[in-house]
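Student: Provided herewith is a single structure, encoded as C-alpha cells, for subsequent inquiry.
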Amino acid sequence: MRTGYKSKTIRFYRDETLAQRIKKARRYYRLSQEDLEILCGISHKTIGRIEGGDDCRVSTLVLICIALDVDLGVITRHLFDTTPVL
C-alpha cells in the first residue's frame, strides 16, 4: 500500500521524485509549462528540465510552489528520507 500526502486534493506518494510531484501539481491545475512560466516567472525550458529530473535551486522551487499553491513542506516530504519503505 502506498502512503500518500495531500496538498489540497493533490496526493503525493513517497516513491515519487520531486520532478514527478511538480509535474503532477501542474497537471492537476491543467497548466502547460508555458502557463506555469507566466505564473512564476521561470522559463518553460527550465520548468521542463526540472520536470525531467534536473536539480533546481530552492528559490526556484519556492516560486513554483507559490504559483501552484502547493506547500513546500508537502511537496518535499520524505524526498530525503533514507528509511526503507516497507
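Student: Can you tell me which residue in segment 8-20 is modelled with the highest pLDDT, limited to those that are under 14 Å from HIS78 (Cα atoms) and among the polar types (S, T, N, Q)?
Tutor: Out of the qualifying residues, it is GLN20.
Student: Another question, if that's okay. Could you please give the count of residues in segment 9-33 that are touching a residue at least 12 places away in the same chain (Cβ under 8 Å) and either acidic (Asp, Glu) or in a strand (DSSP E or B) (or both)?
Tutor: 3
Student: Scan segment 49-73 and report the pairs whose first residue is free of Cβ contacts under 8 Å to residues at least 12 places away in the same chain and whose second residue is aromatic (Phe, Trp, Tyr) and crowded, with 17+ Cβ neighbours inside 10 Å, with Cβ atoms within less than 8 Å and a gap of 6+ or a chain change.
Tutor: From residues that are free of Cβ contacts under 8 Å to residues at least 12 places away in the same chain, there are no pairs.
Here's the yes/no breakdown for (1) surrounded by fewer than 10 Cβ atoms within 10 Å (Cβ to Cβ); (2) at pLDDT below 95; (3) out of contact with any His (no Cβ under 8 Å at 6 or more places or on another chain):
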residue: ILE22; (1), (2), (3): no, no, yes
residue: TYR29; (1), (2), (3): no, yes, yes
residue: ILE38; (1), (2), (3): no, no, yes
residue: THR60; (1), (2), (3): no, no, yes
residue: ILE64; (1), (2), (3): no, no, yes
residue: GLY73; (1), (2), (3): no, yes, yes
residue: ARG77; (1), (2), (3): no, yes, yes
residue: PRO84; (1), (2), (3): yes, yes, yes
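For every residue, the table says whether it meets (1) of a type in the set (D, E, K, R); (2) on the phi > 0 side of the Ramachandran plot.
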{"site": "LYS23", "(1), (2)": "yes, no"}
{"site": "TYR28", "(1), (2)": "no, no"}
{"site": "ILE38", "(1), (2)": "no, no"}
{"site": "GLY41", "(1), (2)": "no, yes"}
{"site": "LYS45", "(1), (2)": "yes, no"}
{"site": "GLU51", "(1), (2)": "yes, no"}
{"site": "SER59", "(1), (2)": "no, no"}
{"site": "ILE66", "(1), (2)": "no, no"}
{"site": "ASP71", "(1), (2)": "yes, no"}
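The values are calculated or read from the model by the stated rules, or taken from the named source; none is laboratory data. Given the structure is predicted, the values throughout are model-derived calculations rather than measurements. Note: ideal-geometry Cβ built from the backbone for every residue, glycine included; neighbour counts use all protein chains shown.
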